[in-house]
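What follows is a single structure, and I will ask about it in a moment.
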Amino acid sequence: MLRDYLFCSKPGIIVRAQDITSTVKEIMEAVREIGNRPFYLWDANEGLRQVVNPDNLFIGKGNRDNTTAPVQALQKASTTKDAIAVFLDFHHYLTSPPVLSAMRTAFVMAEKHGASLVFVSRYISVPGELEREVAVVDCPVPGREQLREVLDRLLEKNGARIAAEIDDKQKELAVESALGLTVDEAKDAFAVSIVRTVRTEGRPRLCPRIISEQKRQAVARSGILEFVEPGRSLSDVGGLDEIKNWFVKRFKTFLPEAAEYGISPAKGCLLLGVPGCGKSLLARAVAGEWQKPLLRLDFGRVYGSLVGETEANLRRAIQAAEAVAPAVLWVDEAEKGLSGTASSGRTDSGVTSRVFGSFLTWLQEKTSPVLVIATANDITSLPAELLRRGRFDGIFFVDLPDERAREEIFKIHLAKRRRDPGKFDLQTLVAASEGYSGAEIESAVEDAMLEAFNEGREVTTGDLIATLKNVIPLSVNRRDEIERLRRWAEESGFKKTSGTKAGYGERLLRILGGGSIGLSD
């Protein structure tokens with residue numbers, strides 16, 4: 001798409017890219033294909049200068065007088081015949097009325113002189129004044145083929161001896177591990193793997209673990225996405241059987257056989273309800289059961305102070321999730337980032353509303369194998385659009401665990417700590433823990449074991465009962481909030497059923513036996 005715009009001399013092009021250097025090199029390669037067109041690069045430090053060698057992008061030549069100022073640079077670039085001028089990090093100037101006016105004039109002059117003005121940035125967004133005058137191109141993070149080229153060039157550059165030590169299987173695993181990284185980040189990850197294995201093993205090797213570690217660091221630096229250690233499996237979750245079965249069925253929608261059958265990949269689900277009742281645990285367990293990466297997106301971190309930064313952050317998060325797919329994308333505490341969209345146009349120039357709209361559009365239209373699990377505690381803060389049909393495949397209200405679920409939770413946490421659940425009076429524990437969340441039960445088990453350990457003896461049912469009595473459960477100290485959540489679930493206007501199946505197009509509210517209320521299509 002970018003090359004097409006350059007070939008037809010589009011006067012104004014906005015390119016949103018994470019890998020700036022690679023994007024500029026791609027533009028310069030396109031210039032070579034087009035023919036003899038002068039190529040210019042601008043930044044606020046050096047001004048406008050002509051570049052003749054793609055290997056020395058930031059070493060230019062020519063007259064830089066008065067071109068560090070954006071208006072003068074626009075004037076010069078737009079009146080240079082057949083020029084292709086790339087402006088870096090120009091988003092800082094897009095709130096300036098004189099600069100916006102100069103851009104409109106520059107596009108007119110560029111069309112007259114056959115020039116193209118290309119604005120490349122991670123954070124750039126299209127000002128309303130220029131929406132009809134510019135083309136917008138989003139450059140995704142590199143895919144497998146491009147990463148393989150990066151790896152092959154790195155090995156070739158480092159000599160035949162290193163290349164000979166690394167077989168095709170290593171290369172395939174390395175590329176798979178690097179998905180989601182930019183070109184420069186992938187190059188660094190490959191290099192670190194080779195250097196570290198030479199030092200520790202005496203020979204060069206592409207180690208997926210080392211590359212994945214570098215990817216975790218790269219993702220962490222962004223401050224938006226976070227790689228989270230998955231749980232072991234859905235069996236780690238007590239109760240919630242219907243939700244767990246729902247996920248097991250959705251895993252199959254990502255199989256090639258499902259596509260052949262005519263089934264679309266699952267979008268994901270929204271988990272609402274009482275804090276501490278397993279929503280986050282379920283997200284981890286789903287990734288563990290599926291044996292896929294788990295990425296956590298904190299919407300509160302998406303918002304930035306720079307113009308266009310927020311939208312760019314969301315695009316990067318989505319691109320990274322799709323690049324490492326199949327994967328689970330966990331949108332944690334969604335209400336914190338998506339609340340207030342109705343009034344955001346008056347408070348933040350509509351940024352919240354635009355980001356929310358972009359996320360919903362991607363969720364509804366995505367074809368990549370990314371399973372989205374959004375969790376929220378405060379239902380009333382969520383925009384109504386999030387609950388509409390077609391957004392998520394299922395919406396579940398997770399309530400406090402019932403008797404059977406509490407028994408399972410005790411069994412899981414006792415077995416996890418190498419204790420035989422059969423040696424405890426589970427029925428007494430279940431009765432004593434009525435109104436307790438799964439997190440509170442786990443905390444009681446930990447506290448009881450700590451007390452017994454300090455006294456040099458084995459933990460007993462009595463210890464567990466004692467620690468339960470020392471905890472004021474959420475159902476008591478946040479009774480009103482929990483009742484409000486339950487009323488919302490009961491009064492949402494969905495049809496209640498008891499074991500019957502909803503007809504086509506009818507949404508269904510089910511009271512789940514595992515202590516949950518579920519909405520599904």
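So how many residues does region 272-284 have that are closer than 23 Å to residue 370 by Cα and surrounded by fewer than 24 Cβ atoms within 10 Å (Cβ to Cβ)?
Counting residues in region 272-284 that are closer than 23 Å to residue 370 by Cα and surrounded by fewer than 24 Cβ atoms within 10 Å (Cβ to Cβ) gives 3.
So, one more: Determine which member of the set 440, 446, 490, 455 is surrounded by fewer than 15 Cβ atoms within 10 Å (Cβ to Cβ) and under 30 Å from residue 382 (Cα atoms). Let's see the steps before the verdict.
On the way: 440 fails: surrounded by fewer than 15 Cβ atoms within 10 Å (Cβ to Cβ); 446 fails: under 30 Å from residue 382 (Cα atoms); 455 fails: under 30 Å from residue 382 (Cα atoms).
Of the residues listed, the single one that is surrounded by fewer than 15 Cβ atoms within 10 Å (Cβ to Cβ) and under 30 Å from residue 382 (Cα atoms) is 490.
Then there's this: Go through the residues of region 225-232 one by one and say whether even a single one is under 22 Å from residue 399 (Cβ atoms), buried (at least 18 other Cβ atoms within 10 Å of the Cβ) and either touching a Lys or Arg at 6+ places or on another chain (Cβ under 9 Å) or assigned by TED's automatic domain parsing to the domain that holds residue 185 (or both).
Quick first cut of region 225-232, residues under 22 Å from residue 399 (Cβ atoms) only: 231.
Narrowing further to those that are buried (at least 18 other Cβ atoms within 10 Å of the Cβ): 231.
Narrowing the set further to residues that are either touching a Lys or Arg at 6+ places or on another chain (Cβ under 9 Å) or assigned by TED's automatic domain parsing to the domain that holds residue 185 (or both) leaves 231.
So far as region 225-232 goes, yes, one or more of its residues are under 22 Å from residue 399 (Cβ atoms), buried (at least 18 other Cβ atoms within 10 Å of the Cβ) and either touching a Lys or Arg at 6+ places or on another chain (Cβ under 9 Å) or assigned by TED's automatic domain parsing to the domain that holds residue 185 (or both).
With respect to residue 415, is the statement that it is out of contact with any Leu (no Cβ under 9 Å at 6 or more places or on another chain) and aliphatic (A, V, I, L, M) true?
Here the answer is yes, as residue 415 does meet what is asked.
Here's another thing I want to ask about it. Of 178, 191, 174, 186, which residue is surrounded by fewer than 21 Cβ atoms within 10 Å (Cβ to Cβ) and of a type in the set (A, V, I, L, M, F, W, C)?
Details: 178 fails: surrounded by fewer than 21 Cβ atoms within 10 Å (Cβ to Cβ); 174 fails: surrounded by fewer than 21 Cβ atoms within 10 Å (Cβ to Cβ); 186 fails: surrounded by fewer than 21 Cβ atoms within 10 Å (Cβ to Cβ).
The unique qualifying residue is 191.
Further, regarding this structure: Considering each residue of region 408-425, count those that are free of Cβ contacts under 8 Å to residues at least 24 places away in the same chain and more than 16 Å from residue 449 (Cα to Cα), and give that number.
Number of matching residues: 1.
Turning to a different aspect of this structure: Taking residue 325, is it in a helix (DSSP H, G or I), of a type outside the set (Val, Ile, Thr) and either in the same structural domain as residue 364 (by TED's automatic domain parsing) or crowded, with 21+ Cβ neighbours inside 10 Å (or both)? Walk me through how you get there before you give the answer.
On the way: in a helix (DSSP H, G or I): no; of a type outside the set (Val, Ile, Thr): yes; either in the same structural domain as residue 364 (by TED's automatic domain parsing) or crowded, with 21+ Cβ neighbours inside 10 Å (or both): yes.
Answer is no for this residue.
Condition first: farther than 20 Å from residue 315 by Cβ, at pLDDT below 90 and more than 25 Å from the chain's Cα centre (by Cα). Can you find one or more residues in region 123-132 that meet it? Outline the logic, then answer.
Step one: filter region 123-132 for residues farther than 20 Å from residue 315 by Cβ, giving 129, 132.
Applying the additional criterion that residues be at pLDDT below 90 yields 129, 132.
Checking the rest, the ones that are also more than 25 Å from the chain's Cα centre (by Cα) come to 129, 132.
Among the residues of region 123-132, at least one is farther than 20 Å from residue 315 by Cβ, at pLDDT below 90 and more than 25 Å from the chain's Cα centre (by Cα), which makes the answer yes.
Considering every residue within region 109-129, establish whether at least one is part of a loop (DSSP other than H, G, I, E, B), free of Cβ contacts under 8 Å to residues at least 60 places away in the same chain and closer than 30 Å to residue 72 by Cα.
At the first step, the residues of region 109-129 found to be part of a loop (DSSP other than H, G, I, E, B) are 114-115, 122-127.
With the extra rule that they be free of Cβ contacts under 8 Å to residues at least 60 places away in the same chain, the set shrinks to 127.
Subsequent filtering for residues that are closer than 30 Å to residue 72 by Cα retains 127.
Among the residues of region 109-129, at least one is part of a loop (DSSP other than H, G, I, E, B), free of Cβ contacts under 8 Å to residues at least 60 places away in the same chain and closer than 30 Å to residue 72 by Cα, which makes the answer yes.
Looking only at region 257-302, count how many residues are among the hydrophobic types (A, V, I, L, M, F, W, C), in a helix (DSSP H, G or I) and touching a strand residue (DSSP E or B) at 6+ places or on another chain (Cβ under 8 Å). Walk me through how you get there before you give the answer.
Restricting attention to region 257-302, the residues satisfying the condition of being among the hydrophobic types (A, V, I, L, M, F, W, C) are 258-259, 263, 266, 269-272, 274, 277, 281-283, 285-287, 290, 294-295, 297, 299, 302.
In the following step, the residues that additionally are in a helix (DSSP H, G or I) were identified as 258-259, 281-283, 285-287, 290, 299, 302.
Next, from what is left, pick out any that are touching a strand residue (DSSP E or B) at 6+ places or on another chain (Cβ under 8 Å): 282-283, 286-287, 290, 299.
Qualifying residue count for the region: 6.
Does region 205-212 contain any residue that is under 30 Å from residue 378 (Cβ atoms) and at pLDDT 85 or above?
The initial filter retains those residues of region 205-212 that are under 30 Å from residue 378 (Cβ atoms), namely none.
For region 205-212, residues under 30 Å from residue 378 (Cβ atoms) and at pLDDT 85 or above: absent.
Right, residue 343: at pLDDT below 90, part of a helix (DSSP H, G or I), buried (at least 19 other Cβ atoms within 10 Å of the Cβ) and among the hydroxyl-bearing types (Ser, Thr, Tyr) or not? Steps first, please.
On the way: at pLDDT below 90: yes; part of a helix (DSSP H, G or I): yes; buried (at least 19 other Cβ atoms within 10 Å of the Cβ): no; among the hydroxyl-bearing types (Ser, Thr, Tyr): yes.
Spelling it out, it is not the case that residue 343 is at pLDDT below 90, part of a helix (DSSP H, G or I), buried (at least 19 other Cβ atoms within 10 Å of the Cβ) and among the hydroxyl-bearing types (Ser, Thr, Tyr).
Out of the residues in region 194-213 that are surrounded by fewer than 18 Cβ atoms within 10 Å (Cβ to Cβ) and of a type in the set (A, V, I, L, M, F, W, C), which is nearest to residue 24 (Cα to Cα)?
Checking each candidate, the answer is 195.
Evaluate region 152-174: report whether one residue or more is within 21 Å of residue 318 (Cβ to Cβ) and in a helix (DSSP H, G or I). Give the derivation first.
Filtering region 152-174 for residues within 21 Å of residue 318 (Cβ to Cβ) gives none.
No.
Which residue out of 406, 484 is over 23 Å from residue 281 (Cα atoms), outside any loop (DSSP other than H, G, I, E, B) and under 33 Å from the mean Cα position of the chain (by Cα)?
Numbers: 406 fails: over 23 Å from residue 281 (Cα atoms).
Answer to the check: 484.
The values are calculated or read from the model by the stated rules, or taken from the named source; none is laboratory data. Keep in mind it's a predicted model, so treat the numbers as computed, not measured. Using ideal geometry, Cβ is built from the backbone for each residue, glycine included, and neighbour counts are taken over all protein chains shown.
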